[in-house]
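The values are calculated or read from the model by the stated rules, or taken from the named source; none is laboratory data. Bear in mind the structure is a predicted one, so any value in this text is a computation, not a measurement. Heads up, the Cβs are rebuilt from the backbone with ideal geometry, glycines too, and the neighbour counts pull from every protein chain shown. To get the accessible areas, we keep the full protein, side chains included, count just its heavy atoms, and leave off ligands, DNA and RNA. Shrake-Rupley method; radii C 1.70, N 1.55, O 1.52, S 1.80 Å.
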Amino acid sequence: MQKIDFFKDMKAHFQSKSGSYYYYTNEGVFRYSNHWGRVANCRWKIKGIEEYKNQNYYVGFANWNDFYPLNSFDKVFYIAVDYQNEQAKICRVQDENTEDLFLMTSEIAHQKLKNIREVFKDAKWMTYMNEDVSIIQKKVIAELISTHKTLQKIKLELRRNSTLS
């Protein structure tokens, strides 16, 4: 294990089985780790590092109010899409008006995010349709983020509609 300079002058409050160190403050928690993303029942996202690489050690900080319970039944997530940069991210409802948002569970949101990335990455199947690929991508993604339809069902409907025209 590498020497941890960050914790040199303070003792970690907790060390996980996988070697991550945690230091608690009144404002939040510092985490020193070489793995981020899904960890036990938490999802840790590391921001501010351009060239992030798993297995490199980083220190992250999370405010206590950034933590919230994850469960399989609360529909508190939606997906925001940046079509220009071909990126999407899962957002959690805060205090905003949710009237225009299609809310979903964490599990569904992550599946749909995976589908959206696939739609941006693989456009081969769209080239056989009579419409510009970017327009088809927007249609497919709009359906993904605003309905319960699966990507497979959306593709099937698009194929049917394109053969009818």
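Side notes on the structure shown:
- Listed by chain and number, the lysines whose alpha-carbon sits under 29 Å from that of LYS75, ignoring those within fewer than 8 places in the same chain, are LYS45, LYS47, LYS89, LYS112, LYS114, LYS121, LYS138, LYS139, LYS149, LYS153, LYS155.
- Debye intensity ratio I(q)/I(0), log10, the chain, q values 0.14 Å⁻¹ (C-alpha model): -0.87
- Rounded Å value of the spacing that divides the Cα centres of the range 73-105 and the range 143-164: 20
- Pair GLU157, LYS11: separation of 7 Å Cα→Cβ label points (nm): 6.0
- The residues of the chain expose on average 71 square angstrom of accessible surface per residue, using a 1.4 Å probe on protein heavy atoms.
- Surface composition of the chain: carbon plus sulfur atoms contribute 48% of the solvent-accessible area (1.4 Å probe, protein chains only, all chains present).
- Take the Cα of CYS42, step 7 Å toward its Cβ, do the same at THR98, and the gap between the two points is 2.4 nm.
- Kirkwood radius and radius of gyration were both taken over the C-alpha atoms of the range 108-165, and their ratio Rg/Rh is 0.94.
- Dipole of the chain [Lys/Arg +1, Asp/Glu -1 at C-beta], most positive-end residue of SER18, GLY48, LEU113: SER18
- The C-alpha radius of gyration of the range 14-93, expressed as a fraction of 2.2 N^0.38 Å, stands at 1.25.
- Gyration tensor (alpha-carbon) shape descriptor, the range 73-113, a/c threshold 1.5: oblate
- Taking 0.36 nm per residue of separation and subtracting the Cα-Cα distance, full extension of the segment from ASN26 to ASN65 would add 12.9 nm.
- Whole-number percent relative contact order across the range 93-165, with pairs defined as alpha carbons under 8 Å at least 6 apart: 30
- Taking the Cα centre of the range 11-165 as origin and assigning +1 to Lys and Arg Cβ atoms and -1 to Asp and Glu Cβ atoms, the resulting dipole is close to 680 debye.
- Label-point separation, SER146 to GLN111 (7 Å along Cα→Cβ), nm: 2.1
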